[in-house]
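All remarks here apply to the structure that follows.
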Amino acid sequence: MRSVDSALLIVAHGSTVNPDSSAPTLAHAAEIRRRKVFADVACAFWKEEPSLRDAIFLFDPESIRQVYVVPNFISEGYFTQTVVPRELDLNGRITKRSNGQIWKYCEPVGNHAMMTELLLRRAREIAPGVPENEATLLIVAHGTDLNENSAVAAKREAENIRALGKYAMVLNVYMEEPPLVSDWRKFTKTRNVVVVPFFISDGLHSYEDIPVLLGIANGGPRGGLNAARGEVFRSNPYKIDNRSLFYAPSIGTDPGFADIIIEQALNAKS
């Protein structure tokens, strides 16, 4: 049902060097706009235009009385807890502007329970016909203290999927802290290995860094693999040491994120 006086603002990190960084957020916004759930839908970014600070002025206070702000981030962290509230001048979950608008700050997409099903679906899509009980699923996050909460989120999702008993093994692995994705041969035993990057968008990590760490691409000048965007996802399965490795695009590119964004906004309504 259309909310005639409410708007949705999707906030994301963006990038000054990777043009694909904002693409999923813009695509999800376009899909939500098509569904006509809100009177208006807009995006704002930390590293791109329109900026977070400018987003305060995106919606006409005469026609838009409520604005739902949904962070398109994998987890709570520095950006959702500090940067976004500061730049949008939010003072908690509910902020009343001097112009009368009510801004509601919602949970990030990565906190939604639907994330587990999206990861499972992405894994099935990338390895069709591979029995789950004959495969290991690796959920890859960044790691390091700078991204502590994303590591926690990856661990949570691995535990959720592991509890379902579908896969032979389910592991959360990281680029820069143990268990390292580069050590995948050591702690996987199955002949089939399915790898899903736990990131909002595809970029240097998913195009280049993780493939090099997995051993399915050669290292080179940074951005070299970026020349053929997405090619690394179209060569599955990779045959390594009598194993079949299936490599997926980042989970944030899944169209199902549009549903999660809407859900997070609706949850803030109640």
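The values are calculated or read from the model by the stated rules, or taken from the named source; none is laboratory data. Note that this is a predicted model, so its numbers are computed, not measured. Here the Cβ is made from the backbone with ideal geometry for all residues, glycine too, and neighbour counts use every protein chain on show. Ligands, DNA and RNA are excluded from the accessible area calculation, which covers all protein heavy atoms including side chains. Shrake-Rupley method; radii C 1.70, N 1.55, O 1.52, S 1.80 Å.
Descriptive notes on the structure:
- Distant-in-sequence amide contacts of Gly230, defined by a placed amide H-H separation under 5 Å and a gap of 5 or more residues or a different chain, comprise nothing.
- Within the accessible area of the range 40-83 (1.4 Å probe), percent carbon and sulfur: 52 percent
- On a per residue basis, the chain carries 45 Å² of accessible surface, using protein heavy atoms and a 1.4 Å probe.
- The range 77-89 - phi-based ³J(HN,Hα) in whole Hz, Karplus 6.51/-1.76/1.60, Gly and Pro as x: x, 4, 6, 6, 8, 10, 5, 4, x, 5, 5, 8, 6
- Where only DSSP H runs of four or more residues are counted, the chain gives -7500 deg cm²/dmol as its mean residue ellipticity at 222 nm, each run worth -39500 (n - 2.57).
- In order along the range 91-100, the phi-based Karplus estimate (6.51 cos²θ - 1.76 cosθ + 1.60, θ = phi - 60°) of 3J(HN,Hα) comes to 10, x, 5, 10, 10, 9, 6, 5, 7, x Hz; Gly and Pro are listed as x.
- Using a cutoff of 8 angstrom between alpha carbon atoms and counting only pairs six or more residues apart, the relative contact order for the range 1-69 works out to 48 percent.
- Dipole magnitude of the chain about its Cα centre (Cβ charges: Lys, Arg +1; Asp, Glu -1), debye to nearest 20: 560 debye
- In degrees, nearest ten, helix 257-269 long axis to first principal axis of the chain (Cα): 40 degrees
- Helix axis angle, 115-126 relative to the chain longest principal axis, alpha carbon, degrees: 50 degrees
- Mean Cα-pair separation over length for the chain, i.e. relative contact order, pairs under 8 Å, 6 or more apart, %: 20 percent
- Spacing of the two label points (7 Å from each Cα toward its C-beta) at Asp5 and Val152, in nm: 3.8 nm
- Taking 0.36 nm per residue of separation and subtracting the current Cα-Cα distance, fully stretching the chain between Asp54 and Arg86 would add 10.3 nm.
- For Phe38, residues with placed amide H under 5 Å, excluding near neighbours: Ser3
- Separation in nanometres of the label points that stand 7 Å from Cα toward Cβ, at Lys36 and Ile102: 2.5 nm
- Remark: the Ile94-Glu176 segment gains 25.9 nm on full extension, using 0.36 nm per residue and subtracting the alpha carbon distance.
- Sites Arg191 and Ala27, calculated FRET efficiency, Cβ-Cβ separation with R0 35 Å, nearest 0.05: 0.50
- Rounded tilt (10° steps) of 23-35 against the dominant C-alpha axis of the chain: 50 degrees
- For the pair Arg121 and Glu62, a Förster radius of 41 Å applied to the C-beta separation gives a FRET efficiency near 0.50, rounded to the nearest 0.05.
- Per-peptide average of other Cβ atoms within 10 Å, ordering 206-216, 153-163 highest first: 206-216, 153-163
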